[in-house]
Amino acid sequence: MESFERIHLDLSKQPGKCRIAETGLGWKPSGGGDTFTLDLNNIGGAQWSRAAKGYELKILSRTSGVIQLDGFDQEDFDRIAKAFKLFYGINVESKEHALRGWNWGKGEFGKAELAFNVQNRPAFEIPYTEISNTNLAGKNEVAVEFSLPAGGAETGTNGHLGGARSRGHKAGAAKDQLVEMRFYIPGTVAKKEKHEDGEEK
Amino acid sequence: DANGVTQKKFKKFESYKRDNQFPSRVADLVIVVDVKASTIVLPIMGRPVPFHINTIKNASKSDEGEFSYLRINFLSPGQGVGRKDDQPFEDANAHFVRSLTFRSTDADRMQDIAQQITDLRKNAVRREQEKKELED
């Protein structure tokens, strides 16, 4: 078994202890509270990349969406990769993110999340569980709205799991919460929609 | 250019080369204006995501109930903005992030960030202008 301290589960305000065991993965908030567990059969894939607090282990689960564990040290990678290989037969994929600062790229729909790739590297990913609504906001423009808790006060502070939300509301865990994102997708709008635009005028 | 033809040019820019160049404040999942790198770092699903000031059109703050909203608009095709001989993006057929809206209960900080972005943008445009005048 491998154990790591000061790890944040799904952007939880509180850190906790993360354990990688033969039977699966666990996270327990340091301040007390329920333990989050993920059975080994539910682990479909894993990625390693730089995140906000440190390095992030992202788990693509089979039934619980995307699980993000942030706060690892760069040197933890070897221990994690070995444990995942040995216990789950899974290769932890190391992923470098785009740092160019460009706002153009390619949106790609994966199994559990939408990735925005800049020069074939992801700039960011949006788990589908975080999206509350999408709509066509204009010609070639798509608006994506995110799930957020109603009141700012309840945001990720008192929930079980030390404020982590294993599903949804990841945007609500940040101090500055992402509410909406709009994409401009050139050339994909069918003629029909252009026609509709014309009619509205 | 030399042939007297006005072409849309794209001048490459880059926020960071390595992920250890992020300001340390990104750990708090807040919007960080990194003046040194001419970059705004935005928290998107737990990840610090850099956007170079050259991609930004404007930023504005508005209040609604207990929240302040900061909307950042980016340059993208089909907006009819930008100087004629300049293209702020490399590929007009790509997908573009056109806007991002954040909310916070700290109205003063949101106002401050909006102002910082506006100032950074102004300075970038001014520097660009000065460079052009020198080139001409």
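Here, each number is a calculation from the coordinates, and none is a lab measurement. Predicted, not measured: the structure shown is a model, and the values here were computed from it. With ideal geometry, Cβ positions are generated from the backbone for all residues, glycine too; neighbour counts draw on all protein chains shown.
For chain B, a Gaussian network of Cα nodes joined below 10 Å ranks B:Gln79, B:Gln21, B:Gln116 by mean-square fluctuation, and the top entry is B:Gln79. The calculated pair-distance distribution of chain B uses every alpha carbon pair, bins of 10 angstrom beginning at 0, and gives 11, 38, 33, 14, 3, 0 percent.
Here's how it looks for A:Glu93: its modeled amide H is under 5 Å from those of A:Ala46, A:Gln47, A:Trp48, which are all 5 or more places away or on a different chain. Under 1.5 on a/c is rounded, so check that first for the range A:16-73, then, if it is not, pick prolate when a/b is larger than b/c and oblate when it is not; a ≥ b ≥ c are the square roots of the alpha carbon gyration tensor eigenvalues. The shape class here is oblate.
Given R0 = 25 Å, the distance between the Cβ atoms of A:Arg6 and A:Asn91 translates into a calculated FRET efficiency of 0.45. Taking all Cα-Cα distances within the range A:38-115, those exceeding 15 Å account for 61%.
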